[in-house]
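Asker: Dropping the structure in here first, questions after.
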Amino acid sequence: MRCFLAIELSDEIVEELENLKSNFKIEGIKLVERENLHITVKFLGEIEEKTVEDIKNMDLSIEPVESHIGGLGVFPNENYIRVIWVGASNLVPLFEEVDMKLQGLNFKKEREYVPHITIGRVKFLKDKKILKERIKKYRDVDIGTLYVDSIVLMKSTLTRSGPIYNVLKRWDF
């Protein structure tokens, strides 16, 4: 089963992200559906049912934290854009803590943490200049503050029309 740990977004943050996404309706960019917007804490990949149960039985509760959502970025870099994202501050300690707890289940520690919300994926571009201009224009976008007080274990089912996410477990703080 394909799974990941995530932070869900408030309706206010989602609304602001939807407004921002409307500026990136460019041919060749697949925007993330409203219901799929989230912050990935840890991508777990294809895992067995037993591992899912082991994760569900873990204590992944952490101290609540406020995260500023803002600033536009791209992966892997501005000359070869594949992912367009909005940053999330104050979450690296949370990511590190969750990562540490999962090492006991043989998950590798991440090399680097870049807390973010993916808003679009670049499939192809006819005019890279338009995208670069939009990224520059919205680089300092301010989406708002997210009060993070839970983590969810998500199941991701890949379909032709895009992924479908289902919450398997929620840890409230």
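A short reminder: the numbers here are calculations on the coordinates, not readings from a lab. A quick note: this is a predicted structure, and the numbers were derived from the prediction, not measured. Positions of Cβ are backbone-derived with ideal geometry, glycine not excepted, and every protein chain shown enters the neighbour counts.
Asker: How big is the gap, in Å, between the Cα center of segment 108-147 and the Cα center of segment 18-71?
Answerer: If we compute the Cα centre of each part, the gap is 14 Å.
Asker: Given labels modelled 7 Å from the Cα in the Cβ direction, how far is it in nm from Leu168 to Lys101?
Answerer: 1.5 nm
Asker: Follow-up. Answer rounded, prolate or oblate for segment 78-173, using the Cα gyration tensor with square roots of eigenvalues a ≥ b ≥ c: rounded when a/c is under 1.5, else prolate when a/b is larger than b/c, else oblate.
Answerer: Values: a/c = 1.94, a/b = 1.57, b/c = 1.24.
Taking the square roots of the gyration eigenvalues as a ≥ b ≥ c, segment 78-173 is prolate.
Asker: About its Cα centre, how strong a charge dipole does the chain have in debye, to the nearest 20, once Lys and Arg get +1 and Asp and Glu get -1 at the Cβ? Present the calculation step by step, with values, prior to reporting the outcome.
Answerer: Values: 27 positive and 29 negative charges, 248 e Å.
Dipole magnitude for the chain comes out near 1180 debye.
Asker: Still on this structure, I have one more. Nearest 10 degrees is fine. How inclined is helix 92-102 to the longest principal axis of the chain, computing both from alpha carbons?
Answerer: For helix 92-102, the angle is close to 40 degrees.
Asker: Would you calculate, for the chain, the mean residue ellipticity at 222 nm contributed by helices, counting each DSSP H stretch of 4 or more residues as -39,500 (n - 2.57) and dividing by all residues, to the nearest 500? Show your work: numbers first, answer last.
Answerer: Values: 4 runs with 41 residues, N = 173.
So the helix-based figure for the chain works out to -7000 deg cm²/dmol.
Asker: Would you please give the FRET efficiency between Ser61 and Asp11, computed as 1/(1 + (r/R0)^6) with r the Cβ-Cβ distance and R0 = 30 Å, to the nearest 0.05? Don't jump to the answer; show the numbers that get you there.
Answerer: Details: r = 23 Å, r/R0 = 0.77.
The formula returns an efficiency of 0.85 here.
Asker: Compute and list, largest first, the equivalent-ellipsoid semi-axes of the chain from the alpha carbon gyration tensor, each √(5λ) rounded to a whole angstrom. Mind dumping the intermediate values first?
Answerer: Working: eigenvalues 160, 65, 43 Å².
Semi-axis lengths for the chain are 28, 18, 15 Å.
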